[in-house]
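Asks: This is the structure, below, for whatever I ask next.
The values are calculated or read from the model by the stated rules, or taken from the named source; none is laboratory data. Here the structure is a predicted model, which is why all the values come from computation and not from measurement. Here the Cβ positions follow ideal geometry from the backbone for every residue, glycine too, while neighbour counts run over all protein chains shown.
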Amino acid sequence: MDLNFTEEQSMLQKTARNFFEKEFTFDLVNEEQHSIISKHSADVWKKISDMGWLGVVIDEQYGGIGGSLFDLGIIYEEAGRALLPTTFYSTVYASLLIEQLGNEEQKESILSQIVEGSIMGTIAFAEPDAINKPEYFQTTAKKLQDRWVLNGTKAFVSNADTADIILVIARKEDDSRGEGLMTFIVRPEDHGVTLKSMNTFGNDSQSVVNFNNIELDDSKVLGDGIEQTETIAQSIEIARKKATALQCMEMAGGARKVLDMTVDYVSERKQFGVPIGSFQAVQHHLANMLAEVEGSQLASYQAIWMLSEGLEAEQELAIAKAFVSETYKSTTLMAHQLWAGMGFALDSGLYLYSNRSKATELSFGTYDYHLKRLSELITPVKETLKVKSENSNLYRNTIFRKIDIYDV
Amino acid sequence: MNFQLTEEQLAWQQEVRSFIKENVTPELLAEVKENDDKQPGPLEKAYLQKVIKKGWQGLNWPKEYGGLNKSAIDRLIFIEEMRYNHAPDQELKFMEYAANAIIKKGTEENKKTWLPKFMNGEIIPSMSYSEPDSGTDLASLRTRAELDGDEWVINGHKIWNTRGHRATHQWLAARTDLNAPKHKGISIFVVPMNTPGITVVEIKTWDHRVNEVFFENVLIPKDFLIGEMNQGWNIITSALNTERFTIGIGSHIWRLYDELVEYCNRTERDGELLINRSEVKQRLSELKMEIEIARLFSFKAAWMQDVGQDISSFSSMSKIYTTELSARVVDYATQIFELYGQLNDDETDPLYKTIAGFYRAVPLRRFGGGTNEVMRNIVAQRGLSLPRK
């Protein structure tokens, strides 16, 4: 157990905080009212790319840094504090899937362009009637001679309007459920792609994307086109897990920022001649918030560290996302209570976090979704032990150890 | 960053487990339960001596005093294992506490006279801090110690004393200066229980036995004062962080959770395996999530101690979180058991005659070791630097 950052990681954190604070000030928030979350600026994008932050986990041979997922998580935590435009998240998410599933040529061309900041990407996953389970997707691809024909509708596609490539998760037509998953590299300008922007209260850009007989050749299939469906599903799952853990880091950072802002506020705001932060009723709310924020950070660090080390993190990730979802949201709502009218005024900027907390709570699996995953792990203890003991020697596995091992 | 235990830590965990497996027998646990309000029986005495011989009652004592100088994480691993297996540790904690105080704040003479006795188990202390009118506001305590020649004369009334009926000595906080501000007139003494003038009176509680301890013209030698005169408050507060951190280690309740999961996996009721009920799965998952958070708090607090960070806020937070969660875990256990959840020491208790005891014991942790309200003040004022009123 060691919660220290390396010197490089501390430096990275500091650099990211300073940079984001400079580039995403609250003045800017007010100027570009409502839209900082999605407000993409080519200028800042270039700077982020120059920092190398679009290629933290991308291999050096494709122009990346070849760093760890945990390092990238540090940037996400800071991005969460600063409410970075979501183009960063959607592009990184796309790059994770390409890294996982792409063939050499695709990695060479697309990843290097992402790293140098010349293209942005996104993933079209959810559909109107299927949010989390690809086996229920209705977007389908049909092979006609040497071409694939793609049809279907994706929803809540983040930054589809600014993305240069959209990675579309589809099923092969005629395949039975759960089989034949494929990922296509689609350009928004491809013939037959239509975008309709959705009005979300976070005001980040999300769209319904329609695919009407899009014709694509084999080079637009992510991967070699010969992978087993299982491999493809796994790759998607891995990319999603990493993106989920990264988003937990973003959320933990956002929650911490809201707490910091609220502590500042109640320390300055005076009523009855004293700072309201000196009242125990206020202090106790904030003490509870701190516990939730600290817990969120630890759970998120643990999940992303494990994934970063190549460990499974099945339950740790579920715990992190469920816990941080509830924390980020409730932190903003309690902040509204403590700031009262002042926090409702748009000038305070508090609402931007409130909006983002709701958007992030609902994406990459809600509280219920992750608790259900967790509950699937509450199998008979004996079985759990068998799996766990072969798996690794993480201390937390002791919580699942078979009870009568020590009973004599 | 690393969330794993090192090879050495895993080996240590294994060593503790082996010891427990060998020594914490059902006979021992039965005897301990039987003798809770009486003197320890032969099995418990033998068990305590075994732990003491290993020096495990004070893992972090420095080497120069014959201690093992283990890390806070090692201490956490030890306590987690002990509690997970319901190994008795109350007396051990008191020995550790007193010796730590002497190491940190005692005079050279104190160390020579008392330390070996506290460390080798010759003295089993019990804490005499609270008074009827001095609970959370402990510094207002009124028990008096007056120097008369070469002796201290002690008069006063202590309450909520744990294990005084089994201890060899009281670790007593008494007022030695009536004119100083309340925090600055308190001193700590070691008082042998066999000194004339001490009366221990049982208070029957909803949970375990506690005592009132009356001191009536109790005479003890001058050098039974620990540390400097009027420096008692420093001694008391220097141990609070460790105490709260230790209360935050809830593995006896995490064990109960594990048993609960196993129970749900093997128990059919009203035609359905309990674990197959969606509401049961939901609640169990929620608790598991929170237990993981509680354990992360404990590990972080231990790590912070090892790297020399102040844990006053963090240990308080850990204490709040664990104690409030523990109460919910036990409460939910009774609900899962439905009608069986009300059994008290009954043969058919699904938790082997412990469920009622747990239900009565957990609320105590929310106020023991400092009320959670005070803990929240500490978190807000030290952890978040909010203004004090």
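Asks: When you check A:S375 against the structure, is it within 30 Å of B:N265 (Cα to Cα) and either among the hydroxyl-bearing types (S, T, Y) or crowded, with 24+ Cβ neighbours inside 10 Å (or both), yes or no?
Replies: So A:S375 passes the test.
Asks: Counting only residues that are more than 8 Å from every other protein chain (Cβ to nearest Cβ) and touching a residue at least 12 places away in the same chain (Cβ under 8 Å), which one in the stretch B:10-25 is nearest to B:S71 (Cα to Cα)?
Replies: B:W12
Asks: Right, something else. If you go through the stretch B:98-106 one residue at a time, do you hit one that is free of Cβ contacts under 8 Å to residues at least 12 places away in the same chain and part of a loop (DSSP other than H, G, I, E, B)?
Replies: no
Asks: Just checking, does the stretch A:356-372 include any residue being facing chain B (nearest Cβ under 8 Å) and over 19 Å from the mean Cα position of the chain (by Cα)?
Replies: yes
Asks: Could you identify the single residue in A:S90, A:S49, A:S95, A:S109 that is out of contact with any His (no Cβ under 8 Å at 6 or more places or on another chain), assigned to a helix (DSSP H, G or I) and free of Cβ contacts under 8 Å to residues at least 12 places away in the same chain?
Replies: When all the criteria are applied, what remains is A:S109.
Asks: More than 18 Å from the chain's Cα centre (by Cα) and either surrounded by fewer than 20 Cβ atoms within 10 Å (Cβ to Cβ) or touching a residue at least 24 places away in the same chain (Cβ under 8 Å) (or both): is that true of A:I169 in this structure?
Replies: no
Asks: So in the stretch B:241-276, with the set limited to residues that are of a type in the set (D, E, K, R), in contact (Cβ under 8 Å) with a residue 12 or more places away in the chain and surrounded by fewer than 22 Cβ atoms within 10 Å (Cβ to Cβ), which one is nearest to B:V374 (Cα to Cα)?
Replies: B:E243
Asks: Continuing with this model, one more query. Find all pairs meeting these conditions: Cβ atoms under 6 angstrom apart; at least six residues apart or on different chains; first residue within the stretch A:200-227 and assigned by TED's automatic domain parsing to the domain that holds A:M182 and over 19 Å from A:F137 (Cα atoms); second residue surrounded by fewer than 19 Cβ atoms within 10 Å (Cβ to Cβ) and polar (S, T, N, Q).
Replies: Partner pairs satisfying both residue conditions: A:N203/A:S35; A:G223/A:N103; A:D224/A:N103.
Asks: Exactly one of these conditions fails for B:G271: (1) at positive phi; (2) in contact with a helix residue (DSSP H, G or I) (Cβ under 9 Å, 6 or more places away or on another chain). Give me its number.
Replies: Among (1) at positive phi; (2) in contact with a helix residue (DSSP H, G or I) (Cβ under 9 Å, 6 or more places away or on another chain), B:G271 violates only (2).
Asks: Report yes if A:A94 is in the same structural domain as A:F184 (by TED's automatic domain parsing), within 20 Å of the chain's Cα centre (by Cα) and farther than 19 Å from A:T194 by Cβ, otherwise no.
Replies: no
Asks: When you scan the stretch B:26-54, how many residues do you find that are in contact (Cβ under 8 Å) with a residue 60 or more places away in the chain and more than 26 Å from B:E202 (Cα to Cα)?
Replies: 2
Asks: Please specify each residue of the stretch A:203-249 satisfying the condition of being crowded, with 21+ Cβ neighbours inside 10 Å and part of a loop (DSSP other than H, G, I, E, B).
Replies: A:D204, A:S205, A:L222
Asks: Within the stretch A:45-86, track down each residue that is closer than 25 Å to A:Y328 by Cβ, among the β-branched types (V, I, T) and at pLDDT 95 or above.
Replies: A:I48, A:V56, A:V57, A:I74, A:I75
Asks: Can you say whether B:K300 is buried (at least 17 other Cβ atoms within 10 Å of the Cβ) and among the basic types (K, R), as far as the supplied structure shows?
Replies: When the stated conditions are applied, B:K300 passes them.
Asks: OK, next. Please find, within the stretch A:310-320, the residue that is surrounded by the most Cβ atoms within 10 Å (Cβ to Cβ) out of those that are more than 10 Å from chain B (Cβ to nearest Cβ) and in a helix (DSSP H, G or I).
Replies: Out of the qualifying residues, it is A:L317.
Asks: Name the pairs: first residue in the stretch B:216-227 and part of a loop (DSSP other than H, G, I, E, B), second residue among the polar types (S, T, N, Q), Cβ to Cβ under 9 Å, at least 6 apart or on different chains?
Replies: From residues that are part of a loop (DSSP other than H, G, I, E, B), the pairs are B:G227/B:T107; B:G227/B:N110; B:G227/B:S187; B:G227/B:N234.
Asks: Does any residue of the stretch A:186-201 turn out to be under 19 Å from the mean Cα position of the chain (by Cα) and either at pLDDT 95 or above or part of a loop (DSSP other than H, G, I, E, B) (or both)?
Replies: yes
Asks: Taking the stretch B:256-294 as the search range and keeping residues that are within 19 Å of B:D349 (Cα to Cα) and not in a helix (DSSP H, G or I), which one is farthest from the other protein chains (Cβ to nearest Cβ)?
Replies: B:D270
Asks: Collect the residues in the stretch B:348-382 that are within 14 Å of another protein chain (Cβ to nearest Cβ) and touching a Phe, Trp or Tyr at 6+ places or on another chain (Cβ under 7 Å), keeping them in residue-number order.
Replies: Scanning the stretch B:348-382 gives a single hit, B:P350.
Asks: On to the next question. Can you find, within the stretch B:75-92, the residue that is modelled with the lowest pLDDT among those that are part of a helix (DSSP H, G or I) and either surrounded by fewer than 21 Cβ atoms within 10 Å (Cβ to Cβ) or hydrophobic (A, V, I, L, M, F, W, C) (or both)?
Replies: B:Q90
Asks: Only one of (1) buried (at least 18 other Cβ atoms within 10 Å of the Cβ); (2) without any contact (Cβ under 8 Å) to a residue 40 or more places away in the chain; (3) more than 17 Å from the chain's Cα centre (by Cα) fails for B:E64. Which number is that?
Replies: Among (1) buried (at least 18 other Cβ atoms within 10 Å of the Cβ); (2) without any contact (Cβ under 8 Å) to a residue 40 or more places away in the chain; (3) more than 17 Å from the chain's Cα centre (by Cα), the lone unmet condition for B:E64 is (1).
Asks: Quick check on my filter: what residues within the stretch B:127-138 are touching a residue at least 60 places away in the same chain (Cβ under 8 Å) and surrounded by 18 or more Cβ atoms within 10 Å (Cβ to Cβ)?
Replies: The answer is B:S128, B:Y129, B:L138.
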